[in-house]
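The values are calculated or read from the model by the stated rules, or taken from the named source; none is laboratory data. Treat the numbers as computed from the prediction; the structure is a model and nothing was measured. Using ideal geometry, Cβ is built from the backbone for each residue, glycine included, and neighbour counts are taken over all protein chains shown. For accessibility, only protein heavy atoms count, side chains too; no ligands or nucleic acids. Shrake-Rupley method; radii C 1.70, N 1.55, O 1.52, S 1.80 Å.
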Amino acid sequence: MKLTDNVLRSFRVAKVFRENSDKINCFDFSSNGETVISSSDDDSIVLYDCQEGKPKRTLYSKKYGVDLIRYTHAANTVVYSSNKIDDTIRYLSLHDNKYIRYFPGHNKRVVALSMSPVDDTFISGSLDKTIRLWDLRSPNCQGLMHLQGKPVCSFDPEGLIFAAGVNSEMVKLYDLRSFDKGPFATFKLQYDRACEWTGLKFSNDGKLILVSTNGGTLRLLDAFKGAVLHSFGGYNNSKGVVLEASFTPDSQFIMIGSEDGKIHVWNAESGMKVAVLDGKHTGPVTCLQFNPKFMTFASACSNMAFWLPTIDD
């Protein structure tokens, strides 16, 4: 089954989970699409089975809090940032609920965390105006970049380069093997005083970069030239909430939740809005991702919703 405008318009909430008492701040699908793991402001980590459509287990990180949870390449381990006590990144084995390693270094809140798609490298960006490069096998930071402002960062799908969004006005591309030499490309965008950048993602084909903000606009860039291809708006975000925007796995569509619980979908090529889906979310849809392997996506406020298409196109 292929994703088309009609298939996207047909998506409906198949299941809602009310495991959390506070906002879900992040979730991540496993690379095989079989599970999804969430972190929440109520300090809980919930693991869901996507095929059976049910929660499998709940773990807690009460002392340090939990945010920006990401699967590593081993199916039962995750890394996540802390939102209490300190700003250390933690590497957790889900199998026995034990920490494997700590990654100290940031001295303000971590606001970006991206795992390499190919190996044990990951990058983190913090309000301390640094981006750090790590290897899961070592507690020591493998590389450090000082920036002029709050960073957002992400790996490309090949794991060869990463992009850093700096000061909400420029995107810098770095080669992982020689990033200490500085960026090999810098794209300066028009500065928008009304909002700041909150996220940056590459499309799966590596050709596009999506920049999300805490305002009511998203920007889609050409990953090679840096040109703004489209700006997307028309969704509610008056309170400056961090809303996650995502590509569909085929790189053809872009989705974001909104303050009023609805989900907006655009065609990446034409820039046209193709759907507004109502998930009956009780609060802003802060997290939204498409399953990498199956025709389903998940959205979250303090509840987690699984969506399925209702037509075969």
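Which residues, counting only those in segment 49-73, are in a strand (DSSP E or B) and open to solvent by 40 Å² or more (accessible area, probe 1.4 Å)? Can you show your working first?
Initially, segment 49-73 is screened for residues in a strand (DSSP E or B), giving 49, 54-60, 67-71.
Result: K54, P55, K56, R57, T58, Y60, R70.
On the basis of being touching a Ser or Thr at 6+ places or on another chain (Cβ under 8 Å), within 26 Å of I254 (Cα to Cα) and of a type in the set (D, E), does D49 make the cut?
Considered against the rule, which asks whether it is touching a Ser or Thr at 6+ places or on another chain (Cβ under 8 Å), within 26 Å of I254 (Cα to Cα) and of a type in the set (D, E), D49 comes out as yes.
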**Complete:** The condition of being under 17 Å from S81 (Cβ atoms) and either surrounded by fewer than 21 Cβ atoms within 10 Å (Cβ to Cβ) or at pLDDT 95 or above (or both) holds, among L133, L147, only for L133
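Return a yes/no flag: does segment 110-128 have any residue that is aromatic (F, W, Y) and either over 20 Å from C26 (Cα atoms) or open to solvent by 50 Å² or more (accessible area, probe 1.4 Å) (or both). Give the steps one after another, and end with the answer.
Here is the first cut: in segment 110-128, the residues aromatic (F, W, Y) are 122.
Going one step further and asking which of them are either over 20 Å from C26 (Cα atoms) or open to solvent by 50 Å² or more (accessible area, probe 1.4 Å) (or both), we end up with none.
No: zero hits.
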**Message:** Can you find, within segment 245-267, the residue that is farthest from S231 (Cα to Cα) among those that are outside any strand (DSSP E or B) and open to solvent by less than 10 Å² (accessible area, probe 1.4 Å)?
**Reply:** G261
**Prompt:** Pick from segment 283-295 the residues that are open to solvent by less than 20 Å² (accessible area, probe 1.4 Å) and assigned to a loop (DSSP other than H, G, I, E, B): which of them is farthest from A223 (Cα to Cα)?
**Reply:** G283
**Asked** Of all residues in segment 74-102 being farther than 22 Å from S31 by Cα and under 20 Å from the mean Cα position of the chain (by Cα), which is most open to solvent (accessible area, probe 1.4 Å)?
**Response** N83
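Sort through K280, K225, K239 and tell me the only one that's part of a loop (DSSP other than H, G, I, E, B), touching a Pro at 6+ places or on another chain (Cβ under 9 Å) and surrounded by fewer than 19 Cβ atoms within 10 Å (Cβ to Cβ).
Details: K280 fails: touching a Pro at 6+ places or on another chain (Cβ under 9 Å); K225 fails: touching a Pro at 6+ places or on another chain (Cβ under 9 Å).
After applying the criteria, what remains is K239.
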**Prompt:** Out of the residues in segment 1-21 that are open to solvent by 70 Å² or more (accessible area, probe 1.4 Å) and not hydroxyl-bearing (S, T, Y), which is nearest to Y64 (Cα to Cα)?
**Reply:** E19
